Amino acid sequence: MCFLNHPLRAALGLLVLCAMLFAVAPAAHAAAETDAQSTLKHALDEVFATLNDPRYSEGANREEMLSKIENTVAVIFDYDEFAARTVGKKWRSFTPDQQTRFSKAFADLLRATYLERIKGYTGNGTTYTGQRSSTKGDKVEVQTLLDFEGKTVPVDYRMLQKDHWVIYDVIIEGVSLVKNYRTQFQELMTDGNKDAEALIERVQSRAEEVRKQNGKTE
C-alpha cells in the first residue's frame, strides 16, 4: 500500500459521499448557498490571483506568495473537521491530546500536499456549475469545474456553516478526500490509543517527506 500518496492528485484543494444526503436546495436556502459559494469564490480568487501574479511565475518572492496562499486556505479549510471525519468513529477513542496532535499533523500534510500541487499550476481557474444544500441548509456542496493542466476536472466542495462557511471535504472526479484518507487510516487503526500514536507519527512523517520534496523541486 502506498500510504498517503494518492489524494489531491488533480486539484487545488486541498477530494463523492452519498449524494442522497443532499437535495436540490429549496428557495428558502438560496441566501445561505450564495453565502457559501461567495466564501469559496473569494478564497479561490485570492489563490488564483497569487498564482497569476508575474512575481510568482518569475520566482520573485515565491516563498512569501506561497505562504499567502497557505494562509488563505487555512481560513476556509476546517482542518479539525477534516481530521475527525477522516478518522471516523474511532475519533472518539482518541484522547483530547491525541486529537489535537493528529489534527495538527493532518493539517500539515494537507497544506504541504496542496502547495505541492499548485506550485506549477497553469489554467484558467474555476467555473461554478451548481450547488446543493442539506435539508437544514447548514451544509452545502458547491460544484465546480477546474481548468487544470489542459483538462477540465470536476471538483466539488462540501461546506459546513459554523461561525463562517468552511470546507470539510473535497470531491475530485468523484473521489472524496475524506473517504480516501479514511480508508487508508482504518488499515492502521485496530488497537485504540496505541494505533492513534502510530497514526499520528505516520502522518507527521509523511508531511515532513512532502515538505522536503517540495523544497527539492523548487
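The values are calculated or read from the model by the stated rules, or taken from the named source; none is laboratory data. Model, not experiment: these values are computed from the prediction. Glycine also receives a Cβ, built like all others from the backbone with ideal geometry; neighbour counts cover every protein chain displayed. Side chains are part of the model used for accessible areas, which takes the heavy atoms of the whole protein and leaves out ligands, DNA and RNA. Shrake-Rupley method; radii C 1.70, N 1.55, O 1.52, S 1.80 Å.
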Of (1) in contact with a strand residue (DSSP E or B) (Cβ under 7 Å, 6 or more places away or on another chain); (2) open to solvent by less than 70 Å² (accessible area, probe 1.4 Å); (3) at pLDDT below 85, Leu40 fails just (3)
Of the residues in the range 51-60 that are in a loop (DSSP other than H, G, I, E, B) and either hydrophobic (A, V, I, L, M, F, W, C) or modelled with pLDDT of 80 or more (or both), the one that is farthest from the chain's Cα centre (by Cα) is Ala60
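A quick yes/no check of all residues on (1) assigned to a helix (DSSP H, G or I); (2) aromatic (Phe, Trp, Tyr); (3) at pLDDT below 90:
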residue: Ala49; (1), (2), (3): yes, no, yes
residue: Glu63; (1), (2), (3): yes, no, yes
residue: Lys68; (1), (2), (3): yes, no, yes
residue: Lys104; (1), (2), (3): yes, no, no
residue: Ala107; (1), (2), (3): yes, no, no
residue: Glu116; (1), (2), (3): yes, no, yes
residue: Thr122; (1), (2), (3): no, no, yes
residue: Gln131; (1), (2), (3): no, no, no
Those residues of the range 157-176 which are part of a strand (DSSP E or B) and surrounded by fewer than 20 Cβ atoms within 10 Å (Cβ to Cβ) amount to Leu160, Gln161, Val175
- Taking Gln98 as the residue in question, decide whether it is part of a helix (DSSP H, G or I) and in contact with a helix residue (DSSP H, G or I) (Cβ under 6 Å, 6 or more places away or on another chain). yes
Q.
Among the residues of the range 137-146, are any surrounded by fewer than 16 Cβ atoms within 10 Å (Cβ to Cβ), among the polar types (S, T, N, Q) and under 23 Å from Asp53 (Cβ atoms)?
A. no
